[in-house]
Amino acid sequence: METYNPDFEQKQKQLLRTARRVGLLAAAVILAAVLGFGSFYNIEEQEQAVLTTFGVAKSVTEPGLHFKIPLIQRVQKVNTTIQGFAIGYDPNSNESNEEDSLMITSDYNFVNVDFFIEYKVADPVKAVYASEDPVLILQNISRSCIRGVIGSYEVDSVLTTGKNEIQSKIKEQIAQKLEQHDVGLQVVNVTIQDSEPPTTEVMEAFKAVETARQGKETAINDANKYRNEKLPEAEAQIDKIKQEAEAQKAERINEANAEVAKFNAMYEEYAKNPEVTKRRMFYEAMEDVLPRMKVIIDGTGSTQTILPLDSFTSGSAGDNSAADGAAADGTGSGAEIIS
């Protein structure tokens, strides 16, 4: 028959109480650690967070350390940097994907066009909760807009001169459709990475066309440069000729006015006393003419037998010899030579 030991039973109860206290203390420590570490979250510079409390979401945009209520609030971080994806090629291997790149133009030609779409998150809450995969929606919208715009341009514009306009129009259409879907994303840029015909022969032909177009533009630029160089010279020459003509015109007019004034003055004097004016004009004319001429006068005293008169401009040695000979043979007997 076993004997009852009250001390042993007391020790067992004490050990059970001690074990229970240790367990509760450990559970409290673990719970405090979980709650402590789960109460804070950090937002990087290029991130935003969506904080959900009982199903109600709001965005947290300030970077740094933030507090949340454990088990009640949930945090989902969103990358707000500019991101991108390729359409028509694989950016890792750079291999073309004709399913996306092969398109038809308005003049029924085929072209391979590769695009790169850049986007960023504009509204973190909508980017997280408005749709299951907002990037996939953006990709589908981009493919649709690209094919629609490429199909409205001729192949020459797609391959050469119309790339900038095409990029701008595609970006505008994507932005409009994103606004309609309202998935929290914003398109930043649309870039044509490459555009070429689907065959080598056609590609070479288009390259030749582009080379010829560049040669045409170079020739036009050279011609414009030559024109810009020569036009100022020609204009300067024209101005010089005009100035010289104006100067000559003014000189001629001044000379003519002087002659007119001189004539009018002489006429006024003539009108006052015609006979005296005639004599004075005659004497002035003789003063100008006689020093340059030779006159042979015979001894008869008659003014009708003045022989001969040399040129008014100059005398010659031959004329002087003829006059001397005439005097020697008696024809000029008694004549006086006045020079």
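Conditions (1) within 37 Å of the chain's Cα centre (by Cα); (2) small (Gly, Ala, Ser); (3) under 26 Å from LEU178 (Cβ atoms), marked per residue:
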residue: GLN76; (1), (2), (3): no, no, yes
residue: GLN83; (1), (2), (3): yes, no, yes
residue: ALA86; (1), (2), (3): yes, yes, yes
residue: MET103; (1), (2), (3): yes, no, yes
residue: PHE110; (1), (2), (3): yes, no, no
residue: VAL113; (1), (2), (3): yes, no, yes
residue: ALA130; (1), (2), (3): no, yes, yes
residue: VAL135; (1), (2), (3): yes, no, yes
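Which pairs turn up if I take residues in region 63-76 that are at positive phi and exposed (fewer than 15 other Cβ atoms within 10 Å of the Cβ) and look for partners that are among the small types (Gly, Ala, Ser) and at pLDDT below 75 with beta carbon separation below 8 Å, at least 6 apart in sequence or on another chain?
Here the result reads LEU71/GLY38, each pair linking region 63-76 to a residue that is among the small types (Gly, Ala, Ser) and at pLDDT below 75.
Has region 150-158 got any residue that is assigned to a strand (DSSP E or B) and surrounded by fewer than 16 Cβ atoms within 10 Å (Cβ to Cβ)?
No, every residue in region 150-158 fails to be assigned to a strand (DSSP E or B) and surrounded by fewer than 16 Cβ atoms within 10 Å (Cβ to Cβ).
Given region 65-127, what strands (runs of 3 or more DSSP E) lie entirely inside it while holding 3 or more residues that are under 20 Å from TYR153 (Cβ atoms)?
The strands (runs of 3 or more DSSP E) meeting that bar are 102-104, 110-121.
Residues TYR41, TYR108: which one is without any contact (Cβ under 8 Å) to a residue 40 or more places away in the chain and not assigned by TED's automatic domain parsing to the domain that holds GLN139?
Being without any contact (Cβ under 8 Å) to a residue 40 or more places away in the chain and not assigned by TED's automatic domain parsing to the domain that holds GLN139 holds for just one of TYR41, TYR108, which is TYR41.
Could you identify the single residue in ALA261, ALA247 that is modelled with pLDDT of 85 or more, surrounded by 10 or more Cβ atoms within 10 Å (Cβ to Cβ) and over 60 Å from the mean Cα position of the chain (by Cα)?
Step by step, each of ALA261, ALA247 is checked, and only ALA261 is modelled with pLDDT of 85 or more, surrounded by 10 or more Cβ atoms within 10 Å (Cβ to Cβ) and over 60 Å from the mean Cα position of the chain (by Cα).
Given THR218, THR211, which one is out of contact with any Cys (no Cβ under 9 Å at 6 or more places or on another chain), of a type in the set (Val, Ile, Thr), modelled with pLDDT under 90 and closer than 30 Å to ASP156 by Cβ?
It is THR211.
The values are calculated or read from the model by the stated rules, or taken from the named source; none is laboratory data. Just so it is clear, the structure is predicted and the values come from calculations on it, not from any experiment. Don't worry about glycine lacking a Cβ; one is built from the backbone with ideal geometry, like all the others, and counts go over all protein chains shown.
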